[in-house]
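This report refers to the structure that appears directly beneath it.
The values are calculated or read from the model by the stated rules, or taken from the named source; none is laboratory data. This structure is a prediction, so every number in the text was calculated from the model and none was measured. Cβ coordinates were reconstructed from backbone atoms using ideal geometry, including for glycine residues, and neighbour counts include every protein chain displayed. Ligands, DNA and RNA are excluded from the accessible area calculation, which covers all protein heavy atoms including side chains. Shrake-Rupley method; radii C 1.70, N 1.55, O 1.52, S 1.80 Å.
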Amino acid sequence: RVADRASGVHRPLVGRAGEIEAVLRLVDDAAGGEAGALLVSGEAGVGKTALVREASAHVGEVADVLWGLCLPLTSLAVPFLPLTSALREWAAGRDAPMPVLGGSAGEGPTGFDTWLGELCRQRPVLLVVDDLQWADQSTLDVLMYVIAGLAARRLAVVTTVRTGEEGDPLRRWLADVRRL
C-alpha cells in the first residue's frame with residue numbers, strides 16, 4: 001500500500017505487480033552476488049517513486065536500502081546531494097562510519113565505492129536515486145563508478161527519471177551506462 005501524500009491515507013498500488021517483481025528480482029540477484037542496475041522512467045506523476053518505494057518496503061529484511069532524492073535546484077549545485085542524504089538517512093540510529101563525498105578529504109567516487117563494497121559484503125544493498133534528471137554531475141560520476149564496479153557484489157541500483165526532462169549530461173550518462 002502506498003501513502004497518499006495529500007491525505008495521509010494509504011491506498012493500494014494497482015497494476016504494477018510486474019514492475020515491482022522486476023525490482024524484487026534485481027534485489028534477489030544482488031543477494032545472490034550478481035550486481036545489477038535498473039532505470040525506472042516515465043512521465044511526471046505516473047508513479048515511479050511510488051513503485052520503487054513499494055518494492056523497497058519488501059526488501060528491508062533482506063537488504064539495506066539507501067534512498068537518495070535529487071532536488072530541482074536551479075541556482076545552486078549541491079554535489080552528491082542524493083548520495084549524502086541517502087547515507088544520512090541510513091546512518092540515522094546506527095553507529096557506523098560514513099564515507100566522505102567531496103570536501104577536503106576528496107574521497108569522491110572511490111571512497112564511496114569502497115564503503116559501499118564493504119556494506120555489500122555484510123548484507124545486500126539496494127541503492128535508490130530518485131529523480132535522476134535533477135542530479136548534479138558529481139552524483140552522476142559516482143553512480144557511473146559504482147555501476148561500472150565489480151559485478152559480483154551484492155548491490156542493486158535503481159534510479160528513477162522523468163521522461164522528456166533528460167538534459168545533455170544525463171543523456172550522455174544514460175548512453176554510457178547502457179554501453180556498460
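Dipole magnitude for the chain: about 220 debye, using +1 per Lys or Arg Cβ and -1 per Asp or Glu Cβ, origin at the Cα centre. Taking a ≥ b ≥ c as the square roots of the eigenvalues of the Cα gyration tensor, the range 32-180 is classed as rounded, since a/c falls below 1.5. Fully extending the segment from Asp29 to Gln122, taken as 0.36 nm per residue of separation minus the present Cα-Cα distance, adds 31.9 nm.
The helix-only estimate of mean residue ellipticity at 222 nm for the chain, built from DSSP H runs of length n ≥ 4 each weighted as -39500 (n - 2.57), is -13000 deg cm²/dmol after division by the residue total. Using the average count of surrounding beta-carbon atoms within 10 Å as a protection proxy, the listed peptides 83-91, 170-178 rank, highest first, as 83-91, 170-178.
Of the peptides 133-141, 74-82, the order by per-residue mean of other Cβ atoms within 10 Å, starting with the highest, comes out as 133-141, 74-82.
With contacts taken as Cα pairs under 8 Å and at least 6 residues apart, the chain reaches a relative contact order of 30 percent.
The HN-Hα couplings worked out from phi for the range 148-159 by the Karplus form 6.51 cos²θ - 1.76 cosθ + 1.60 (θ = phi - 60°) are 6, x, 4, 7, 9, 9, 8, 9, 10, 10, 10, 10 Hz, whole numbers, x standing for Gly and Pro. Taking the 1.4 Å solvent-accessible surface of the chain as the whole, the part contributed by carbon and sulfur is 52%.
Residues of the range 116-138 falling in the label zone of Thr163, defined by backbone nitrogen less than 18 Å from a point 7 Å along Cα to beta-carbon, are 131-134. The modelled label-to-label distance between Val78 and Val100, using points 7 Å beyond Cα along the C-beta direction, is 2.0 nm. Coupling constants for the range 51-58 follow from the phi torsions by the Karplus curve (6.51 cos²θ - 1.76 cosθ + 1.60, θ = phi - 60°), and in residue order they are 4, 5, 4, 4, 5, 4, 5, 8 Hz; glycine and proline get x. Taking amide H atoms as placed 1.01 Å from N in the peptide plane, the amide H of Ala37 lies under 5 Å from those of Val157, each 5 or more residues away in sequence or on another chain. What the chain shows is 53 Å² of accessible area per residue, with the surface traced by a 1.4 Å probe over protein heavy atoms. A cut-off under 14 angstrom between Cβ atoms defines the neighbours of Glu43, and their net charge, with Lys, Arg +1 and Asp, Glu -1, is -1.
Coupling constants for the range 124-130 follow from the phi torsions by the Karplus curve (6.51 cos²θ - 1.76 cosθ + 1.60, θ = phi - 60°), and in residue order they are x, 10, 10, 9, 10, 10, 8 Hz; glycine and proline get x.
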